[in-house]
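Scroll down for the structure; my scribbles are underneath it.
The values are calculated or read from the model by the stated rules, or taken from the named source; none is laboratory data. Quick caveat: nothing in here was measured; it's all calculated off a predicted structure. Neighbour counts run over all protein chains shown; Cβ positions are idealised from the backbone, glycine included.
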Amino acid sequence: MTSRTSARATAAPRFALRLPAAPWRDRAGRFSTFKALVLLAMILPGAWILARLALGHYSALATEYLIEETGAWAIRILVLSLAITPLRRVVDWAPIMLVRRMVGVSAFVYVALHLCAYILDQKFDLVRVASEIVLRTYLTIGFVALALLTALAVTSTDAMVKRLGGRRWRLLHKAAYVAGALAILHQSMQFKLPEVEPTLLASFFVWLMAYRALSVRLDIGRSPIRLALLSVAVALLAALGEAAWIGLATGADPRMVLAANLDFEYEFRPAWYVLAAGLGMTAVAVMRAIVRRMQPARPSRRAAAGR
Ligand code: HEM
């Protein structure tokens, strides 16, 4: 062997294939109960869907059931993944960030299964699948959301963070908000009238986006008053949006729909759930503020060093 070939043989490969760490391990490689529980929570809906199919609950409508359930879980988990950073600020509990990537990738897995279920429904006729995606606006929107989520999942490894560089990686991962908005649109376009869950998810999404926008200038996660005001504003928006949609779709007087929000005999309208969730976050922020005040002030590093 010449000296040049032996040097080539012994040199470390530039991009060695490194398998990602097991999802239940923390950054130091230790078993994390929290991560393992979240992983279990991500797997459970899929297991539940498969179990119901295996038990024959939906034998006649199996593919429709699969499309609906995988889509529904994909969007729930996607919205949850977007809530993790604000939650970390409000709850002031750093380990929650350990599961952000796992939750985001889980949303992608459910979307991928959702597309597979659709292909199965179309009897693997890929030309038909492609033409439906091109011709039906709600499917085109879903496809763009899926493409964005694929890019995010592929670049979610530590190696990709290193390769792209922190700034570019963070910029790319802002596409999660666009994917979230498109996914909400894809879901909402399938209903003639607003349904409770899509209205709730859309309202939570608006809450999260408003929180992000306001956080650029204000530390909203640590201000219970601002959190409460934001929650009231988004709940009002949910009630107005719902009334406007029903008014436009049916010609009903939007004022009557709005008034239905105050009639608790039949059911609570989505705006109340949005308000309850927002005020729940506010209550947590209040408790955190109280606990912080009760804790003795930590001496600064300089004081601790006796300078
Ligand atoms: C190529 C991409 C996609 C295709 C072909 C697709 C296809 C479909 C189809 C055929 C339906 C059922 C419509 C019906 O019941 O008539 C559906 C529903 C749904 N999809 Fe997608 N979708 C795609 C992407 C996405 C993405 C990215 C998300 C969310 C992250 C999503 C979430 C949903 C939801 C929540 C529903 C409604 C489920 C329900 O009925 O409750 N889809 N999709």
Notebook entry, point to check: When both residues are 6+ apart or on different chains and their Cβ atoms are under 7 Å apart, which pairs have a first residue that lies in segment 152-180 and is in contact (Cβ under 8 Å) with a residue 24 or more places away in the chain, and a second that is basic (Lys, Arg)?
Noted result: Ser156/Arg101; Ala159/Arg18
Notebook entry, point to check: modelled with pLDDT of 90 or more and over 22 Å from Ala202 (Cβ atoms) - does that describe any residue in segment 260-283?
Noted result: yes
Next item on the list: May I ask you to say which residue of Leu171, Leu193 is over 24 Å from Pro86 (Cβ atoms), away from the ligand (no atom under 12 Å from the Cβ) and modelled with pLDDT under 95?
Entry: Leu193
Margin query: Just to check your reading of the model, which residue among Gly46, Gly56, Gly71 is closer than 26 Å to Gly142 by Cβ, assigned by TED's automatic domain parsing to the domain that holds Ser156 and away from the ligand (no atom under 11 Å from the Cβ)?
Written below: Gly46
Notebook entry, point to check: How many residues does segment 134-149 contain that are more than 23 Å from Ile77 (Cα to Cα), not hydroxyl-bearing (Ser, Thr, Tyr) and not in a loop (DSSP other than H, G, I, E, B)?
Noted result: 2
Margin query: Between Val234, Val284, which is under 19 Å from Arg88 (Cα atoms), surrounded by 14 or more Cβ atoms within 10 Å (Cβ to Cβ) and in contact (Cβ under 8 Å) with a residue 24 or more places away in the chain?
Written below: Val284
Check: Of the residues that sit in segment 150-168 and are small (Gly, Ala, Ser) and assigned to a helix (DSSP H, G or I), which one is farthest from Leu80 (Cα to Cα)?
Finding: Ala159
Check: Quick one: Met102 ticks every box in (1) in contact (Cβ under 8 Å) with a residue 40 or more places away in the chain; (2) under 27 Å from Leu120 (Cα atoms); (3) within 11 Å of the ligand (Cβ to nearest atom) bar one, so which box is it?
Finding: (3)
Notebook entry, point to check: Would a scan of segment 101-118 turn up a residue that is loosely packed, with under 15 Cβ neighbours inside 10 Å, at pLDDT 95 or above and in a helix (DSSP H, G or I)?
Noted result: yes
